[in-house]
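First up is the structure itself, then whatever we jot down about it.
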Amino acid sequence: MDYSAHPSAVIDEGCIIGKGTKVWHFSHIMPNCTIGENCNIGQNVVISPGVILGNNVKIQNNVSIYTGVTCEDDVFLGPSMVFTNVNNPRSAVNRRDQYSKTVVKKGASIGANATIVCGHDIGQYAFIGAGAVVTKNVPDYALVVGNPAKQMGWISEYGHRLKFDADGLAICPESNQKYKLSANRVSRVD
């Protein structure tokens, strides 16, 4: 076993967990999940069957990740945020064959108590503010806040607001990485 798990954690059969991953108190990883290397799964986290997590995913306490969710590498999931996987849940109606898919792309961060309504993807390095309710796809590098979540600007890979000049160029103040805004899309300029 190349990962560590607290004795109170429950890890069901059929899971693949990468080297260096840590699973903390009272977390439950259900059958057939794939979890990458160097992930940190906080206290009281539920990861439902078949969820896929990339490398270096950080999950804070009390997060629920339901079947149909994929998180790529370097994703951050803030305390008590939640995903849904059915658009019209009813207690008396079984919709296990109707789970919607959600992909959180590389480097995205989702703030505390945010809700991601199923079937909406989160773009690379996007930043979802605390308490936001995401009801549509979020573009790469977008900063979204509120209920329902609305885009408030653009953000760098280091988590800084980007200020674009007249030519549509911006520089991250921490990394000095350059970004280009064109046709309402942001990309990094190498």
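Okay, residues lined up against (1) surrounded by 15 or more Cβ atoms within 10 Å (Cβ to Cβ); (2) modelled with pLDDT under 95; (3) not assigned by TED's automatic domain parsing to the domain that holds Cys71:
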residue	(1), (2), (3)
Asn147	no, no, no
Ala166	no, no, yes
Glu174	no, no, yes
Gln177	yes, no, yes
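Residues of region 31-56 being assigned to a loop (DSSP other than H, G, I, E, B) and under 17 Å from Lys101 (Cβ atoms), which ones?
Asn32, Cys33, Ser48, Pro49, Gly50, Val51, Gly54
Among the residues of region 92-148 satisfying the criterion of being among the basic types (Lys, Arg), in a loop (DSSP other than H, G, I, E, B) and more than 22 Å from Asp73 (Cβ to Cβ), which is nearest to the chain's Cα centre (by Cα)?
Within region 92-148, the match that is nearest to the chain's Cα centre (by Cα) is Lys136.
Quickly run through region 149-176 and pick out the residues that are assigned to a strand (DSSP E or B), farther than 12 Å from Ser187 by Cα and touching a strand residue (DSSP E or B) at 6+ places or on another chain (Cβ under 6 Å).
Hits for region 149-176 are Gln151, Met152, Gly153, Arg161.
Looking only at region 100-108, decide whether some residue is hydroxyl-bearing (Ser, Thr, Tyr) and at pLDDT below 95.
Checked region 100-108: at least one residue is hydroxyl-bearing (Ser, Thr, Tyr) and at pLDDT below 95.
Going through Val134, Val93, Val138, Val144 one at a time, which residue ends up being more than 23 Å from Lys163 (Cβ to Cβ) and touching a residue at least 12 places away in the same chain (Cβ under 8 Å)? Even if it seems obvious, please write down each step before you answer.
Working: Val93 fails: touching a residue at least 12 places away in the same chain (Cβ under 8 Å); Val138 fails: more than 23 Å from Lys163 (Cβ to Cβ); Val144 fails: more than 23 Å from Lys163 (Cβ to Cβ).
Criteria check complete, one pass: Val134.
Sort out which residues of region 10-21 are buried (at least 16 other Cβ atoms within 10 Å of the Cβ) and either free of Cβ contacts under 8 Å to residues at least 24 places away in the same chain or hydroxyl-bearing (Ser, Thr, Tyr) (or both), and write them in order of number. Give the steps one after another, and end with the answer.
Looking only at region 10-21, we keep the residues that are buried (at least 16 other Cβ atoms within 10 Å of the Cβ), and these are 11, 15, 17-18, 21.
Correct list: Ile11, Cys15, Ile17, Thr21.
Go through (1) under 19 Å from Ile17 (Cβ atoms); (2) hydrophobic (A, V, I, L, M, F, W, C); (3) buried (at least 22 other Cβ atoms within 10 Å of the Cβ) for Met81 and report which single condition fails.
Here Met81 meets the rest and fails (1).
So how many residues does region 155-187 have that are of a type in the set (Lys, Arg) and touching a residue at least 40 places away in the same chain (Cβ under 8 Å)?
The first filter runs over region 155-187 and keeps only residues of a type in the set (Lys, Arg), leaving 161, 163, 178, 180, 185.
Still in the list and also touching a residue at least 40 places away in the same chain (Cβ under 8 Å): 185.
Final tally of qualifying residues: 1.
Listed here are the residues, each with its yes/no results for (1) under 20 Å from Phe26 (Cβ atoms); (2) crowded, with 19+ Cβ neighbours inside 10 Å; (3) among the small types (Gly, Ala, Ser).
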position	(1), (2), (3)
Pro49	yes, no, no
Ile59	yes, yes, no
Leu77	yes, yes, no
Gln98	no, no, no
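The values are calculated or read from the model by the stated rules, or taken from the named source; none is laboratory data. Everything numeric in this text was worked out from a predicted model, so none of it was measured. Cβ coordinates were reconstructed from backbone atoms using ideal geometry, including for glycine residues, and neighbour counts include every protein chain displayed.
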